[in-house]
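The block underneath contains the structure these notes are about, expressed in structure tokens.
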Amino acid sequence: MTTPGETIDAMRGVAPVAPSQDAASHPRTRSGRRAAIELGILVLLIEVMMWIVPIVPHSRLAYAAIALMIAFLLGYSYVRDGVSARELGLRFDNLLRVLKSLAIPLALFVLLVLLVGFEFGAPKFEKKFFSMLLFVPVWALLQQYMLLAFVGRRLRLILGDGLPGILATAALFSLLHLPNPVLMIACAAGGYLWAREYQHEPNLFSNALTHAVASAFLANSLPGWMLKNMVVGYNYFLR
């Protein structure tokens, strides 16, 4: 059955135009391209912060400027995308369920770190350890938001759901901790687990808590020469 508009076009001798395949796929292509550009901007800003800022004059001011640019990028993207905080994983209803899923991998990681630490006689659970448990969760939450709610979601848009997006998220998280080999290995493993759990059931608070516990044990169990005080980027070569 023709529509009134098609009938009028037929009377005028105008042939109806069907939407092309390119036009139908254009919104997704445009979204994927935009996701790649935003992802590239974030990675560039982080790399500049890690490798360039430490060697420029007034480095504290430069750190602050780049931090503001990153905050603007994250905030602008959040408002424009119109995604709810719940969808991004800022929620409490599944907090314990996700923690339960991450508990066994976290326990195995802590056990491994302790075994390596005791082999070198290094573990020290003093004031630094407890202060990290108290304050690192806030920093870990920011990292998890950037890794999963921003980076991971864009990689999934580009690569699709499933293993490719998970592996790409873990690999990028690892590479952003160059040139610290111990941190790169730990972040590759952690990034994989967090990205996999996030695709299944997003909860950034659970990820941040396990991130903070893993960081506290890692930083206080391994000797300084092995971990370089968890420093990355240009400063790694200065420690």
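The values are calculated or read from the model by the stated rules, or taken from the named source; none is laboratory data. Just so it is clear, the model here is predicted, and its values are computed rather than measured. Cβ: placed from backbone, ideal geometry, glycine included. Neighbour counts: every protein chain shown. Surface areas here come from the heavy atoms of the whole protein model, side chains and all, with no ligands, DNA or RNA. Shrake-Rupley method; radii C 1.70, N 1.55, O 1.52, S 1.80 Å.
What helices does the chain have that are whole DSSP H segments, at least 15 Å long along their own axis by Cα, and with mean Kyte-Doolittle hydropathy of -0.5 or more?
Sorted by number, the helices that extend far enough and score high enough are 21-47, 59-81, 95-119, 127-144, 163-175, 181-200, 204-221.
Under 16 Å Cα-Cα from Lys228, which lysines qualify once same-chain neighbours fewer than 8 residues away are excluded?
Lys124, Lys128
Which longest run of the chain has no exposed loop site in it, a site being chymotrypsin sites (Phe, Trp or Tyr not before Pro) in a DSSP loop with at most 16 other beta carbons within 10 Å, and the site itself not part of the run?
Values: sites that count: Phe92, Phe120, Phe125.
Formally, the longest exposed-site-free interval is 126-239.
When only C-alpha pairs under 8 Å and at least 6 residues apart count, what is the relative contact order of the chain, in percent?
Details: 222 pairs, mean separation 71.1, N = 239.
Here the relative contact order equals 30 percent.
Per-residue accessible area for Ile158 at 1.4 Å probe radius, Å² rounded to 10?
80 Å²
For the residue pair Lys100 and Leu114, what label-to-label distance in nm results when each label sits 7 Å from Cα along the Cα-to-beta-carbon direction?
Taking the two extended label points, one gets 2.4 nm.
With a 1.4 Å probe and all protein chains left in place, how much accessible area per residue does the chain have, in Å²?
Here the per-residue accessible area is 59 Å².
If you take Cα extents along the principal axes in Å from the coordinates, which of (i) 89, 47, 26; (ii) 60, 36, 33; (iii) 89, 39, 24 do you get?
Comparing each candidate, only (i) matches the computed number.
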